[in-house]
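Q: Take a look at this one; I'll ask things after.
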Amino acid sequence: MKKRPFQTELYGKTLRQKKVAAFTLTERFYPPFFKTPVHSHESALFCLVLRGNYTESFGRRERICAPSTALFHASQDPHAEHFHDRGGHSFIVEINSQWMARIRREIKFPDITADFPGGRLPRLGMKLYREFQHLDSLSPLIIEGLMLEITGETARMNSKPSNDRKPDWLKRVESYLLERFAEPFSLDEVARFVGVHPVHLAQSYRKFNRITVGHRLRSIRLENARRLLIQTRKPISEIALETGFSDQSHLTRLFKREYGLTPHRYRKNFG
């Protein structure tokens, strides 16, 4: 029997929380480099990233969540977050299961986690956040109306025509990067591996992942270097070569830019 992921309340520090009708609205702060274990939530939730950046992982899949990214988290969907050097600040709306069940009876709604970096959803999320900051007697009605708009827009964006959906071959690109991140290779090689033109690969990868293949590869290398710094006592020069960097100075320069600390200082603080 497959073990269910750990269910939990929200991680991070609660700055403010209020239950309004079928929703629990929470503003939360996460310190730099904060990392959650793999977990799931009993309730579906809507999240708006206000400040900071973090990497959210789903098994071997990852996405970068930046300010103004809106996300819908399905209940029981396992994930983990790793906040970057500036920490994070998010607005989260947990949705009552009965209210969510009513929505699902009326519209086709996603049953997996989905993110929306642009369009109407982040703007609707900001309207909801501003209402949360100044609650009054009409707020329950306004909040439910906004949540109906948000769920409707989520369903609409999730049911775009198939030619605008993320192509399956991008999963193979991700697997290629994760398995061969330490090796030197070109975009042409990756394109040949998945059977598409390099220009189509570059454009599609950026369109659906919001970063270039090169930026994603660098992120994977840095994350593996960070892991080795904490979990092993290998020399930093050896870690640099093992994770695909040309030398220790190359790793140090990029590592400090990403995490705000040199590899030596990071190991001393967190290793």
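The values are calculated or read from the model by the stated rules, or taken from the named source; none is laboratory data. Quick caveat, the model's predicted, so the values are computed rather than measured. Positions of Cβ are generated from backbone atoms using ideal geometry, with glycine treated the same way; all protein chains shown enter the neighbour counts. Just so you know, the surface numbers come from the protein's heavy atoms only, side chains and all, with ligands and any DNA or RNA stripped out. Shrake-Rupley method; radii C 1.70, N 1.55, O 1.52, S 1.80 Å.
Q: Kindly state, to the nearest 0.05, the FRET efficiency for SER97 paired with LEU241, given R0 = 45 Å and r defined as their beta-carbon distance.
A: 0.35
Q: ILE239: net charge of surrounding residues, Cβ under 14 Å, Lys/Arg +1, Asp/Glu -1, itself excluded?
A: Result for the local shell: +2.
Q: For GLU81, GLU144, give the ranking by accessible area with the largest first, probe 1.4 Å.
A: Result, largest first: GLU144, GLU81.
Q: Residue farthest toward the positive end of the dipole of the stretch 181-271, with Cβ of Lys/Arg at +1 and Asp/Glu at -1: which of LEU217, GLY260, ILE236?
A: GLY260
Q: Continuing with this model, one more query. How large is the dipole of the chain about the Cα centre if only Lys and Arg carry +1 and Asp and Glu carry -1, each at its Cβ, rounded to the nearest 20 debye?
A: The calculation lands at about 380 debye.
Q: Computing the accessible area with a 1.4 Å probe over protein heavy atoms, can you report the carbon and sulfur percentage for the chain?
A: For the chain, the apolar C and S fraction of the accessible surface comes to 52 percent.
Q: How do LYS256, LYS268 stack up against each other in accessible area, from largest to smallest, with a 1.4 angstrom probe?
A: LYS268, LYS256
Q: Tell me, what is the percent relative contact order of the stretch 154-233, built from C-alpha pairs under 8 Å that lie six or more residues apart?
A: Relative CO of the stretch 154-233 lands at 25 percent.
Q: Taking springs between alpha-carbon atoms closer than 10 angstrom, which of ARG102, ARG156, ARG210 fluctuates most in the Gaussian network model of the chain?
A: ARG102
Q: Report, to two decimal places, the Cα Rg of the chain normalised by 2.2 N^0.38 Å (N = number of residues).
A: That works out to 1.10 for the chain.
Q: Can I ask one more? Taking all protein chains together and a probe of 1.4 Å, list THR14, THR243 from the most accessible to the least accessible.
A: Highest to lowest solvent-accessible surface, that is THR14, THR243.
Q: Same structure, new question: Going down the list LYS166/LYS234; LYS19/LYS127; LYS18/LYS207; LYS234/LYS256; LYS18/LYS256, which pairs span over 28 Å between their C-alpha atoms?
A: Correct reply: LYS166/LYS234; LYS18/LYS207; LYS18/LYS256.
Q: Just flag the GluC sites (Glu not before Pro) in the stretch 185-271 sitting in loop per DSSP whose Cβ has no more than 14 other Cβ atoms within 10 Å.
A: none
Q: Given the whole protein assembly as supplied and a 1.4 Å probe, what does the accessible area of TYR259 come to in Å², nearest 10?
A: Rounded to the nearest 10, the figure is 10 Å².
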